[in-house]
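Before any comments, here is the structure.
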Amino acid sequence: MKYLMLFFVIIFTGCNPNGLKPVKIENQPVLSVEKFNEMKSAIKGLGECNDSVEKFILDNKSIYYANADFYSVYIDYSFNCKAQTKQKILRYPNAGNKKVVTDIVEQDGKKYLKDVKTKEIVGELSYDVTYDVNATNVALEYFFTNVVYFQNRLDLIDGVIYVSRKAELWDKHYRALVAKLILSKKYDHHWYTTHDKAMHPFTQKDFLYKFQSDVAKLISIGEDKTNELVLKVSLKMIDLYPKSIYGYSNVAYIAYINKEYKKAKKYFEKALELEPNDEVIKKNLATLEKTKKNLNIVIH
């Protein structure tokens, strides 16, 4: 699927990108691959991390502030190692209170509860994860402050998009998405990944297709605050990539679910103008027309 359909939602992670300055810094220390791997290997995740990682971060902020790999350690540590897990038991509706559970069986990577007498699976052993929003927020803010020094690292931008979404830090999420749009355009969609390895260049079409999956993840959440975020990001897509259909279809979708049918029709028609043979947009307009008739309203 290339973008959103009204009747089917796609399920697919201090900065001023417009005024970014050159990346190069004379005599800037580089975090070695060996040290990077040492720090990353110490991050076990979810509260099980080695304290030496935090010490490394605190001791080296002023040294590696312009190095992308430092933020890979810093954000990963703040997001995962500061998180807390709490075990919880999910009992299935037909289990009943009389069931006696003492056995735990593992299957397909999950732990299930088994009644010792009947051998029936009556529940699941699961975990609630609570992320340390404050620690993650500080790490992301530090990232945004210094992203001017490593502007074309796709792995870091995508990592920030993932972390900010999972931690529900929506202001940071918006900034990361917009930075990704602007930076990709700036570098003609030529990105680098871990340890300065060049990626195969995206075409603009490929990049926007992949970026749309980021937007689709927000739409799948379906809350007012995320829908508002989709709208803001999509308007930025239109501003930067006015010949792409995605921004218009997203805005039209949000307008539709907000019952702003006139606006929805306007943006769907603009999308169809860009791609006259697109069947998805045609179906969306047909759905809009059907809604209009059902509600007995006129959309001019």
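Give region 138-162 a look and list any residue that's surrounded by fewer than 18 Cβ atoms within 10 Å (Cβ to Cβ) and over 26 Å from residue 207 (Cα atoms), or say none. Hit for region 138-162 is 138, nothing else. Is it the case, given these coordinates, that residue 163 is assigned to a helix (DSSP H, G or I) and either more than 15 Å from the chain's Cα centre (by Cα) or on the phi > 0 side of the Ramachandran plot (or both)? So residue 163 fails the test.
Looking only at region 34-48, decide whether some residue is modelled with pLDDT of 90 or more and under 21 Å from residue 134 (Cβ atoms). Checked against the condition, which is being modelled with pLDDT of 90 or more and under 21 Å from residue 134 (Cβ atoms), region 34-48 yields at least one hit. Of the residues 139, 95, 66, the single one that is modelled with pLDDT of 90 or more, more than 21 Å from the chain's Cα centre (by Cα) and either part of a loop (DSSP other than H, G, I, E, B) or under 26 Å from residue 179 (Cα atoms) (or both) is 66. Got at least one residue in region 257-266 being of a type in the set (Ser, Thr, Tyr) and either at pLDDT 95 or above or within 27 Å of residue 176 (Cα to Cα) (or both)? Among the residues of region 257-266, not one is of a type in the set (Ser, Thr, Tyr) and either at pLDDT 95 or above or within 27 Å of residue 176 (Cα to Cα) (or both), which makes the answer no.
Scanning region 175-196 for residues that are in contact with a helix residue (DSSP H, G or I) (Cβ under 8 Å, 6 or more places away or on another chain), surrounded by fewer than 19 Cβ atoms within 10 Å (Cβ to Cβ) and of a type in the set (Ser, Thr, Tyr) returns 192, 193, 194.
Per the listing 130, 136, 194, the residue uniquely over 22 Å from residue 61 (Cβ atoms) and of a type in the set (Val, Ile, Thr) is 130.
Here 236, 232 are screened, and the one residue that is in contact with a Phe, Trp or Tyr (Cβ under 7 Å, 6 or more places away or on another chain) and either buried (at least 17 other Cβ atoms within 10 Å of the Cβ) or of a type in the set (Lys, Arg) (or both) is 232.
The values are calculated or read from the model by the stated rules, or taken from the named source; none is laboratory data. None of the values given here were measured: they were computed from a predicted structure. Cβ atoms come from the backbone with ideal geometry, glycine included; neighbour counts cover every protein chain shown.
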